[in-house]
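The values are calculated or read from the model by the stated rules, or taken from the named source; none is laboratory data. As the structure is a computational prediction, the values presented were derived from the model and not from experiment. Virtual Cβ from ideal backbone geometry, glycine too; neighbours counted across all protein chains shown. SASA here: full protein model, heavy atoms, side chains in, ligands and nucleic acids out. Shrake-Rupley method; radii C 1.70, N 1.55, O 1.52, S 1.80 Å.
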Amino acid sequence: MNQKLQEYARLLVEVGINIQKGQRLIIACPVDHAPFARLCASIAYEKGCKEVIMNWSDDELTRKKYLMADDSVFDSVPEWLVRFYTDYSKEKAGFLHLVSTDPENLLGVDADRILRSHKSQGEALKEYREIRNKNINPWSIGALASEKWAKLVFPKLEPEKAVEALWEKIFMAVRVKGDGTAIEAWRAHSKKLRGRMKILNDYNFKSLHYKNGLGTDLIVELAHDHVWEAGGDTTADGQFYMPNMPTEEIFTANKRDGINGVVYASMPLCRDGNVIEGLRFEIKDGKIVKATADKGEGILKNAISVDEGASYFGEVALVPFDSPISNSKTLFYSTLYDENASCHFAFGRAYPTTVKGGIGMSKEQLKEAGLNDSITHVDFMVGTSDLSIVGLTHDGREVPVFVEGNFAF
């Protein structure tokens, strides 16, 4: 176990962030996982990191805040927090996010407080978000097993056994075996993803038509100068990094007003400490005009009303049904993992890197290019074993992209 944890920490720092000599590293981590954060910090210093700054969190205190804090605190963000994110971003620090949040941590909390908090943070951190959109900073997200999360994933196991089982699933997904081969395995995996990415870019599809047995029937126009991305990203200064670990997706930008039809989620969506089940959207000219859910519908409607852009899509991502995380037959109740088991969309902000020249564009130019803008970005899963996706080229040819849930090429 110790060998695997050390290898995982090294993978996150050396491949996820690809920390550079003289660069600062911000590590966001739950207090329960301080030992793992220290491992990451030690490795970063070994690689020449200038300074490691810790940003601790605690699920229990977060819940107490939403239940018991003065109502006014959800409408503002302290200046020190704005400066924390903005100033470190400007100096091109790396941001490593270690997550193990209980998916139901905020169950029963006043949804209005959550919504107001999202809005105030989104407004206060605009400058930080704009810096991130210019791809100035390397960043990466990795998951850590916690008891509450593990019990949700493995409800029939005793707590200790559930945590052990979740750790093994995490190690499997990030290709950590404890034998020192993870970094090389990730390089090979990245190369494979980027090969398929090139095929999609060469097709330069005008639109994609999704259909499956759940009822999804959706036509998705892609941004005119869209670019498919996969297997890592590169900062404006040339620092290669891996934003999500694990990652199995190849993604791009849709045209903001170019989506029509209906789409059904194939997995629960965890949002704001609540589990949303049976999600369904009806979309007209890009806008979500009807949103329903069997469970958590109020949370879902809040999520798509944070701002105007939250009711439009910003990302299209392809993941084969026959992939490592999907084949594990495990519902993780975590977007980081579940999105890499399934084709998915995101409502909210689009990534500027998914359109040609997007990094150098202003907000107005990105809008003209067809990209959506929002203070939020929420992935939800739509992939199934019978998913069909047909691509339409600009010269009118129809090309199978997915057949029976997997790539046709």
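Couple of notes before you dig in:
- For region 20-42, a residue qualifies if it is open to solvent by 10 Å² or more (accessible area, probe 1.4 Å) and of a type in the set (A, V, I, L, M), and the qualifying residues are A28, V31, A34, L39, A41.
- In the set K191, K198, K211, K255, only one residue is out of contact with any strand residue (DSSP E or B) (no Cβ under 9 Å at 6 or more places or on another chain) and either modelled with pLDDT of 95 or more or crowded, with 22+ Cβ neighbours inside 10 Å (or both); that residue is K198.
- Residue match in region 107-125 (condition: in contact with a Lys or Arg (Cβ under 6 Å, 6 or more places away or on another chain), of a type in the set (D, E, K, R) and crowded, with 17+ Cβ neighbours inside 10 Å): no
- Contact annotation: residue pairs with Cβ atoms under 8 Å, 6 or more positions apart or on different chains, pairing a residue in region 321-345 that is aliphatic (A, V, I, L, M) with a partner that is assigned to a helix (DSSP H, G or I) and open to solvent by 10 Å² or more (accessible area, probe 1.4 Å), are L331/V153; A341/S326.
- For region 14-31, the condition of being in a helix (DSSP H, G or I), out of contact with any helix residue (DSSP H, G or I) (no Cβ under 7 Å at 6 or more places or on another chain) and either closer than 18 Å to T101 by Cβ or basic (K, R) (or both) holds for at least one residue.
- Picking from residues in region 132-152 that are open to solvent by 20 Å² or more (accessible area, probe 1.4 Å) and among the aliphatic types (A, V, I, L, M), the one that is nearest to M172 (Cα to Cα) is I141.
- Scanning region 48-76 for residues that are surrounded by fewer than 17 Cβ atoms within 10 Å (Cβ to Cβ) and in a loop (DSSP other than H, G, I, E, B) yields G48, K50, D58, A69, D70, S76.
- Members of region 83-106 that are closer than 11 Å to D272 by Cα and surrounded by 18 or more Cβ atoms within 10 Å (Cβ to Cβ): T101, D102, P103, N105, L106
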